[in-house]
1. Work out, in µm²/s and without decimals, the Stokes-Einstein translational diffusion coefficient of the stretch 144-270 at 20 °C, 1.002 mPa s, Rh from Kirkwood over C-alpha pairs.
2. Which value, in debye to the nearest 20, gives the size of the charge dipole of the chain about its Cα centre, when Lys and Arg are +1 and Asp and Glu are -1 at the Cβ?
3. Please arrange Asp337, Asp321 by counting, for each residue, the other beta carbons lying within 10 Å of its beta carbon, fewest first.
4. Obtain the nm distance between the two label points defined at Asn8 and Ala427 by a simple spin-label model: each point lies 7 Å from its Cα along the Cα-to-C-beta direction.
5. By average Cβ neighbour count within 10 Å, what is the ranking of 212-218, 279-285 from highest down?
6. Normalising by the residue count of the chain, find the relative contact order in percent from Cα pairs under 8 Å and 6+ residues apart.
7. How large is log10 of I(q)/I(0) for the chain at q = 0.06, 0.13 Å⁻¹ when the intensity is taken from the Debye formula with one equal scatterer per alpha-carbon?
8. Please give the net charge around Thr364, taking every other residue with its beta carbon less than 9 angstrom from that of Thr364, where Lys and Arg add +1 and Asp and Glu add -1.
Amino acid sequence: MQLFKTPNATLTPTVSAAANVLIIGLSGCETEQKLVGGAALATEQLLATAKELGACSKVGNAVQLPQVEGKKIIVTGLGEGTACDLRKAAGVAARKARSLGKDEAVTVAVDFNLTDPALVQATAEGALLGLYEFAKISGEETKAPIAAVEIVAAEAEITKLAVSAASGVAYAVNVAREWVNIPANYLYPETFAASAAAEAEQLGIKVEIMDEKELEAKGFGGIVTVGRGSEHKPRLLRLEYAPEGATFHLALVGKGMTFDTGGLNLKPANGMYTMKCDMGGAATVLGAILGIAKLGLKIKVTCYASMAENTPSSTAYRPSDVLTMYGGKTVENANSDAEGRLVMADAIVRAGEDKPNMIIDCATLTGACVVGLGDFYAGVMSNDELVAKQVLSAAETAGEGFWQLPMHPSFVDSLKSDVADIKSSGARTGGAMAAATFLQQFLPENMPWAHLDIAGPAWNDSKPEGHIPSGGTGHGVRTLVALAQNLQG
Ligand code: BES
Ligand code: ZN
Ligand code: ZN
């Protein structure tokens with residue numbers, strides 16, 4: 001499986017001769033706009049031309065200007081110049097730059113005249129994230145890729161570090177997006193696990209893949225049962241990054257439903273079409289551990305990706321079946337489309353055995369979360385206010401939408417079963433929190449935990465926006481890397 005290759009960005013104090021596209025900024029209010037970056041090229045005349053062509057300082061506005069000194073110029077609105085704005089501004093402009101490379105590979109330089117390392121990092125991230133594109137699966141040869149990305153900024157150790165951190169983070173996000181975008185006839189548990197293992201091994205991360213036989217033998221009843229209907233057998237992937245001197249141990253658990261048809265509770269056609277994205281939680285946690293390792297953060301991370309395909313067949317699990325989960329708890333299956341929580345529960349129990357300091361799980365778990373929060377915000381549900389705050393503050397740094405939803409003991413009552421320890425779903429109301437409450441039953445006692453329901457933002461059904469492409473978004477990867485950054489030590 002060919003994965004998108006994210007170019008590494010390099011820091012350069014001046015625009016190099018090799019750059020054939022130069023991105024500069026436009027800032028200021030309506031009456032007093034000014035070009036930012038571009039040194040001597042950014043003349044009054046260039047500003048006048050830019051305005052004539054419709055350039056303005058609004059984020060999202062990116063206009064191509066006539067060539068100057070053999071370089072194509074793109075001017076992009078910088079808004080208020082915050083990290084969030086610069087990330088988007090660089091993303092939009094980079095996407096425009098990519099479209100300019102017809103035959104020759106594009107070397108793009110981004111110059112916003114920056115010195116602050118945080119802004120340098122946001123700009124570099126935006127450019128590398130904006131360049132991401134899923135290459136059509138085609139017999140024809142694909143277009144030449146972007147050759148290189150230069151970030152023009154004052155040269156110092158700290159700005160260099162910022163650019164290399166951005167390269168690591170962008171690789172992590174783009175790899176997650178790519179996995180989400182690969183169709184389910186290419187990406188299924190076996191190939192997904194192999195692809196993630198290959199990326200992890202390159203970074204020295206320890207890899208363990210449990211196949212269906214091992215899962216069955218060890219009693220992973222949730223994963224095995226959900227995966228039973230498909231010819232593509234389930235996998236549980238365990239990755240471990242344990243740098244010397246790490247004191248905090250973070251466990252990540254992700255839902256890797258490579259396709260969710262709803263099983264015997266078959267989804268309607270319009271609800272099923274995008275369900276190749278149902279492994280988005282696994283893609284996010286895997287992307288995050290790869291990013292954390294690339295950045296060399298001083299934190300131990302174990303990552304579990306629970307992979308299966310949910311399809312109807314004569315071997316598929318039925319509504320009202322009783323499953324015995326890893327660890328021994330029994331579950332009555334209320335609806336075969338509520339499969340995510342079953343594969344997650346097994347992986348959460350397994351993650352708990354490692355005795356981490358915190359468990360964060362991430363899943364495209366409920367339609368209810370999308371109805372409640374829309375496509376920008378993912379839901380955060382937690383048994384610990386401090387953990388919720390830590391996640392929300394990391395999300396703020398990353399510029400990703402996360403919103404806390406409340407937990408309440410009444411959800412436990414709604415999951416009562418007459419035939420098993422617990423039912424997989426109960427009340428129709430509060431579906432996102434009910435699902436979180438189900439997962440909570442599988443945690444070790446007193447385990448600080450947060451559940452991230454990314455069902456809305458994992459997939460972008462509309463046009464690209466800023467640094468966010470259509471299709472898989474990699475939502476959550478940057479938040480988890482920022483969280484690990486804050487917890488390390
Ligand atoms: N994978 C879906 C949730 C989903 C919906 C993800 C929309 C992305 C976009 C999940 O497995 C599901 O179908 N959940 C059911 C649960 C219900 C049967 C209790 C749902 O939300 O309807
Ligand atoms: Zn489902
Ligand atoms: Zn699902």
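1. Values: Rh = 17.9 Å.
Stokes-Einstein gives a translational diffusion coefficient of 120 µm²/s.
2. On the way: 40 positive and 53 negative charges, 62 e Å.
Its charge dipole is roughly 300 debye.
3. Working: Asp337 19, Asp321 16.
Fewest-to-most Cβ neighbours within 10 Å comes out as Asp321, Asp337.
4. Between Asn8 and Ala427, the simple spin-label model gives 5.4 nm.
5. Details: 212-218: 15.3, 279-285: 33.9.
Ranking the peptides 212-218, 279-285 by packing returns 279-285, 212-218.
6. Working: 1231 pairs, mean separation 75.5, N = 489.
Contact order relative to length: 15 percent.
7. Debye output, listed in q order: -0.28, -1.12.
8. -2
Computed from the coordinates by the stated procedures, all read-outs in this text should not be read as laboratory data. Predicted model only: the values in this text are computed from it and were never measured. Here Cβ is always computed from backbone atoms with ideal geometry, including for glycine, and neighbour counts include all displayed protein chains.
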